[in-house]
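The values are calculated or read from the model by the stated rules, or taken from the named source; none is laboratory data. In this text, all values refer to a predicted model and were calculated from it rather than measured experimentally. Every residue, glycine among them, receives a Cβ derived from its backbone with ideal geometry; neighbour counts consider all protein chains shown. We work out accessible area using only protein heavy atoms, side chains counted, and drop any ligands, DNA or RNA first. Shrake-Rupley method; radii C 1.70, N 1.55, O 1.52, S 1.80 Å.
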Amino acid sequence: MNEYDVIVIGSGPGGYVTAIRASQLGLKTAVVEKESLGGVCLNWGCIPTKALLKSAQVFEYLKHAEDYGLKVKEYDKDFDAVVNRSRNVAAGMSKGVQFLMKKNKIDVIEGHGKVLAGKKVNVTNGKKSQELKAKHIIIATGARSRELPSLPQDGKKVIGYREAMTLPKQPKKLIVVGSGAIGIEFAYFYNAMGTEVTIIEYVDRIVPVEDEEVSKQLEKSFKKSGIKIMTGAEVTAVDTKGTGVKATVKTAKGEETLSADVVLSAVGIKSNIENLGLEDVGIAVDKDKILVNDFYQTNLPGYYAIGDVTSGQALAHVASAEGILCVEKIAGHKVEPLDYGNIPGCTYCFPEIASVGLTEAQAKEKGLDIKVGKFPFSASGKAQAGGNSEGFVKVIFDAKYGEWLGCHMIGIGVTDMIAEAVLGRKLETTGHEVLKSVHPHPTMSEAVMEAVADAYDEVIHL
């Protein structure tokens with residue numbers, strides 16, 4: 001029987017990062033993966049979607065070439081080529097993870113992993129089966145597209161994010177159910193490529209986890225692009241008989257039937273915790289999540305869980321951070337629990353959305369006395385020169401102590417700007433310190449400084 005210090009089940013951005021850090025710490029490590037190294041994120045999520053979105057953005061630039069004083073006589077899209085580029089990017093990244101596994105001397109065991117009592121893992125691959133033993137077993141099996149009873153996925157007319165990345169042909173009409181990051185990104189992509197898109201959102205605004213002003217701005221931008229948005233709406237039934245699909249949508253005004261070629265269900269995710277042997281060994285689970293402590297230990301010594309199977313935010317960077325923390329604790333390092341209140345969230349539509357910390361509404365709910373500042377990109381020289389001046393940066397500070405409570409951005413490239421706020425909050429910076437840190441001009445990033453200046457009534461460019 002092969003014996004290890006650490007066995008990681010699952011090789012997504014939680015699992016493979018955990019394995020590499022474990023190996024760096026001198027622990028003999030193996031990864032069990034039933035499909036492709038890199039998991040959903042590298043193969044079917046974060047990375048290939050960004051490739052699709054880049055193609056859409058370039059196509060949009062071609063459409064508006066004249067705005068930049070350029071003449072492009074002929075241009076068109078090749079939907080298959082766009083999808084192929086995305087798949088090639090994903091394949092390249094997965095090969096990169098294979099290289100990292102070899103470099104760090106991590107054993108990659110292909111097959112379905114199942115935990116057994118006595119700190120063992122059974123791996124089945126077809127008819128072959130083997131048992132592995134480890135001092136520490138980390139479950140990092142991630143999640144998949146959640147199915148609603150009223151919206152059963154058939155993989156052809158009613159699809160999840162996975163099929164949305166590789167449709168054999170571009171739909172003329174698409175209904176997107178759910179306006180979280182996945183739904184919003186695909187709505188943008190397909191609309192930019194020329195599909196007629198309708199978004200259906202159950203609550204009263206799109207991107208409901210974001211600050212309300214961000215939701216309003218995105219709705220305005222999306223409607224300008226020709227996307228139809230229905231909020232306070234619910235799909236109660238779908239009919240896939242005949243050509244296309246018909247969705248029954250219930251709103252406050254009553255019921256209506258929408259027709260489309262495809263319905264994309266983007267209503268959240270479901271943890272992959274089935275067939276892992278959790279019940280057999282007695283690992284505690286509650287509401288679809290494995291219960292863990294601050295250092296990702298389950299109720300059973302030697303068994304851990306990280307990423308989407310636990311209750312933290314279902315984000316790649318959260319899974320990576322949890323895994324690193326988990327193995328550093330195993331290796332005896334002094335570590336602090338992760339601060340889930342300082343996790344940035346990013347949505348890569350156009351305009352992009354990035355945020356961290358409290359929204360204005362949440363700060364008020366806590367009864368805090370706050371200072372709020374906002375700087376629109378319409379007043380930014382860099383944004384105007386780039387031809388993309390939609391959106392703004394919004395900051396929220398505690399009036400008494402100057403603590404940076406939240407930062408919310410919508411605009412081009414803001415996902416690459418939010419780390420300033422994450423780092424600032426981690427270092428307990430104050431509004432005054434941000435103001436006195438000289439930001440380069442002309443950049444999009446100086447909008448952060450300007451928004452802070454606005455909060456403290458010192459704004460120059462408004």
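On inspection, Gly180 qualifies as closer than 17 Å to Val235 by Cα, among the small types (Gly, Ala, Ser) and open to solvent by 30 Å² or more (accessible area, probe 1.4 Å).
Return yes or no: is Gly69 small (Gly, Ala, Ser) and at pLDDT below 95? For Gly69, the condition - small (Gly, Ala, Ser) and at pLDDT below 95 - is not met. Looking across region 134-155, the residues that are open to solvent by less than 50 Å² (accessible area, probe 1.4 Å) and under 12 Å from Ile7 (Cα atoms) come down to Ala134, His136, Ile137, Ile138, Ile139, Ala140.
Candidates in region 299-324 are the residues that are without any contact (Cβ under 8 Å) to a residue 60 or more places away in the chain and within 27 Å of Glu131 (Cβ to Cβ); of these, the one that is most open to solvent (accessible area, probe 1.4 Å) is Pro301.
So that you can scan it fast, the table gives a plain yes or no per residue for (1) in contact with a Ser or Thr (Cβ under 7 Å, 6 or more places away or on another chain); (2) not hydroxyl-bearing (Ser, Thr, Tyr):
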| position | (1), (2) |
| --- | --- |
| Asn43 | yes, yes |
| Phe59 | no, yes |
| Tyr68 | no, no |
| Lys77 | no, yes |
| Asn84 | no, yes |
| Ala91 | no, yes |
| Lys95 | no, yes |
| Leu100 | no, yes |
| Asp107 | no, yes |
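Residues that are open to solvent by 60 Å² or more (accessible area, probe 1.4 Å) and either touching a residue at least 40 places away in the same chain (Cβ under 8 Å) or of a type in the set (D, E, K, R) (or both) within region 231-252 comprise Glu234, Lys241, Lys246, Lys250, listed in sequence order.
In this structure, does Gly332 turn out to be open to solvent by 50 Å² or more (accessible area, probe 1.4 Å) and on the phi > 0 side of the Ramachandran plot? Yes: the conditions hold for Gly332.
Residue-by-condition table, conditions (1) within 22 Å of Met230 (Cα to Cα); (2) within 24 Å of the chain's Cα centre (by Cα); (3) of a type outside the set (Lys, Arg); (4) at pLDDT 95 or above:
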{"site": "Lys120", "(1), (2), (3), (4)": "no, no, no, yes"}
{"site": "Asn125", "(1), (2), (3), (4)": "no, no, yes, no"}
{"site": "Lys135", "(1), (2), (3), (4)": "no, no, no, yes"}
{"site": "Ser145", "(1), (2), (3), (4)": "yes, yes, yes, no"}
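Taken over region 340-367, residues that are open to solvent by less than 60 Å² (accessible area, probe 1.4 Å) and over 21 Å from Ile47 (Cα atoms) amount to 9. Restricting attention to region 101-133, the residues that are open to solvent by less than 40 Å² (accessible area, probe 1.4 Å) and either farther than 19 Å from Gly12 by Cβ or in a loop (DSSP other than H, G, I, E, B) (or both) add up to 5.
Scanning region 438-462 for residues that are more than 30 Å from the chain's Cα centre (by Cα) and either small (Gly, Ala, Ser) or at positive phi (or both) turns up Ala453, Asp457.
Of the listed requirements (1) outside any strand (DSSP E or B); (2) touching a helix residue (DSSP H, G or I) at 6+ places or on another chain (Cβ under 9 Å); (3) surrounded by 23 or more Cβ atoms within 10 Å (Cβ to Cβ), Leu174 misses just one: (1). The single condition among (1) acidic (Asp, Glu); (2) in contact (Cβ under 8 Å) with a residue 60 or more places away in the chain; (3) closer than 27 Å to Ile410 by Cα that Asp261 does not meet is (3). Picking from residues in region 160-171 that are part of a loop (DSSP other than H, G, I, E, B) and under 17 Å from the mean Cα position of the chain (by Cα), the one that is farthest from Arg146 (Cα to Cα) is Met165. Of the residues making up region 269-287, those that are surrounded by fewer than 15 Cβ atoms within 10 Å (Cβ to Cβ) and either closer than 22 Å to Gly113 by Cβ or of a type outside the set (Lys, Arg) (or both) are Lys270, Glu274, Asn275, Glu279, Asp280, Gly282, Ala284, Asp286. Can you say whether Ala383 is within 23 Å of Lys366 (Cβ to Cβ), at pLDDT 95 or above and touching a strand residue (DSSP E or B) at 6+ places or on another chain (Cβ under 8 Å), as far as the supplied structure shows? Judged against the criteria, Ala383 is not a match.
Kindly indicate whether any position in region 333-343 is among the aliphatic types (A, V, I, L, M) and over 30 Å from Met165 (Cα atoms). Yes, there is a match, as at least one residue in region 333-343 is among the aliphatic types (A, V, I, L, M) and over 30 Å from Met165 (Cα atoms).
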